[in-house]
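The structure appears right after this line, and notes come after that.
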Amino acid sequence: MPNERIVIPVIENSGLESRLSEHFGRAPYFMVVEIDSKGEIVNIEAIPNTSEHFGGFGRPPDKILQLRPTALITYGMGPRALSIFQQARVAVLRANASTVREVIEAFKRNELEELTEGCREARHPL
């Protein structure tokens, strides 16, 4: 079984204690957590969000897909972003806690629900 690569939008670079961002595309960082087949964290890395929302180029989903995730854990996202991840066959899971450590533990216990609908209040175009 290959490793899981989970991407989580966060507001700070504090490793497993990083707090999740309320706004997926506007998260300052994307935390990449790699978990091996035994459920052990083998790597964790904060990647700065360099998308157009932060003066860079590209849409947040495109930047995240470059990280080759198997899953994304977030509170929510707009319908267009969700569609991009669904087409790329990346599982989008609804966060049920406020830190990376807590959502990774919930992921390992298979407690996270799949996000199937985008946020209606998403105002910015992708």
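Between Thr70, Phe57, Leu93, the Cα set farthest toward the positive side of the dipole of the chain (charges on each charged residue's Cβ, about the Cα centre) is that of Phe57. Accessible area per residue for the chain is 56 Å², calculated with a 1.4 Å probe on protein heavy atoms, without ligands, DNA or RNA. With a cut-off of 13 Å between beta carbons, the residues surrounding Leu20 carry a summed charge of 0, where Lys and Arg count +1 and Asp and Glu -1. The modelled label-to-label distance between Leu16 and Arg80, using points 7 Å beyond Cα along the C-beta direction, is 3.8 nm.
With each label modelled as a point 7 angstrom along the Cα→C-beta vector, the Ser37-Gln66 pair spans 3.1 nm.
Site pair Asn96 and Lys108 shows an inter-label distance of 1.6 nm when each label is modelled 7 Å from Cα along Cα→Cβ.
For the chain, the longest piece that avoids every one of the trypsin sites (Lys or Arg not before Pro) found in DSSP loops with at most 13 other C-beta atoms within 10 Å covers 39-88.
The alpha carbon gyration tensor of the range 38-94 gives principal lengths a ≥ b ≥ c with a/c of 1.5 or higher and a/b no greater than b/c, which makes the shape oblate. Element breakdown for the chain at a 1.4 angstrom probe: carbon and sulfur atoms account for 46% of the accessible area.
The values are calculated or read from the model by the stated rules, or taken from the named source; none is laboratory data. Note that this is a predicted model, so its numbers are computed, not measured. We place every Cβ from the backbone using ideal geometry, glycine too, and count neighbours over all the protein chains shown. Ligands, DNA and RNA are stripped out before the accessible areas are found, and what is left, the full protein with its side chains, is counted by its heavy atoms. Shrake-Rupley method; radii C 1.70, N 1.55, O 1.52, S 1.80 Å.
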